[in-house]
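Inspection log for the structure reproduced underneath, given as structure tokens.
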Amino acid sequence: MAFWKSAAVNRPVKLSKSFSGALRLFAFWVANRSVGQPLLDGIDYSCIFEEPSALEQVFAIFANVIKLDEQGEVLNAKWAERRAAQFILQYVTGEEPTPPFEEWETELYDPPAIEDPLPWPMTP
């Protein structure tokens, strides 16, 4: 059964461990200023931490480009990272990415509702 299909009706589905690991590692590399090596080697991209929209776009590109198989295993984490790094390079230096970004790669989708539809777990 595909990871996004639930056996029980109305049962919430979680993202795969593979995706969670890829996102965690990508976020670490971005924060550690080591994302996209060797493409960004020697490039100071600390300015994206001062511009929330730029950082938002970096993560949107990563999320839009990453692909999962039916079991939720990540298939192209390095390509998703490279595309995000190409955006950083373009933002900092003006260098156009190759290939150019397609609209779907840079799409900023609507955020979830302000109120969670699921109740929060009770804490002791």
**Asked** About its Cα centre, what dipole magnitude does the stretch 8-101 give when the only charges are +1 on Lys and Arg Cβ and -1 on Asp and Glu Cβ, stated in debye to the nearest 20?
**Response** 500 debye
**Message:** Leaving out ligands and nucleic acids, and using a 1.4 Å probe, what accessible area per residue does the chain come to in Å²?
**Reply:** 71 Å²
**Message:** On alpha carbon coordinates alone, what is the Rg over Rh value for the chain, Rh being the Kirkwood radius?
**Reply:** 1.03
**Item:** Exposed trypsin sites (Lys or Arg not before Pro) absent - longest run of the chain, DSSP non-H/G/I/E/B, at most 15 other C-beta within 10 Å
**Value:** 68-124
**Request:** Mind checking which of P12, G36, G94 is farthest towards the positive end of the chain's charge dipole, using Cβ charges of +1 (Lys, Arg) and -1 (Asp, Glu) about the Cα centre?
**Result:** P12
**Request:** DSSP loop (so not H, G, I, E, B), at most 14 other Cβ within 10 Å: list which GluC sites (Glu not before Pro) in the stretch 40-113 pass both filters.
**Result:** E50, E70, E73, E95, E102, E107
**Magnitude of the charge dipole, the stretch 64-110, Cβ model with Lys/Arg +1 and Asp/Glu -1, debye to 20** = 260 debye
**Accessible carbon and sulfur surface of the chain relative to its total accessible area, %, 1.4 Å** = 58 percent
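The values are calculated or read from the model by the stated rules, or taken from the named source; none is laboratory data. Keep in mind that what you see is a predicted model, and the values were worked out from it rather than measured. Quick reminder, even Gly has a Cβ in these numbers, built from the backbone with ideal geometry, and neighbours come from all protein chains shown. Each accessible area value is taken on the protein alone, full model and side chains, heavy atoms only, with ligands, DNA and RNA left out. Shrake-Rupley method; radii C 1.70, N 1.55, O 1.52, S 1.80 Å.
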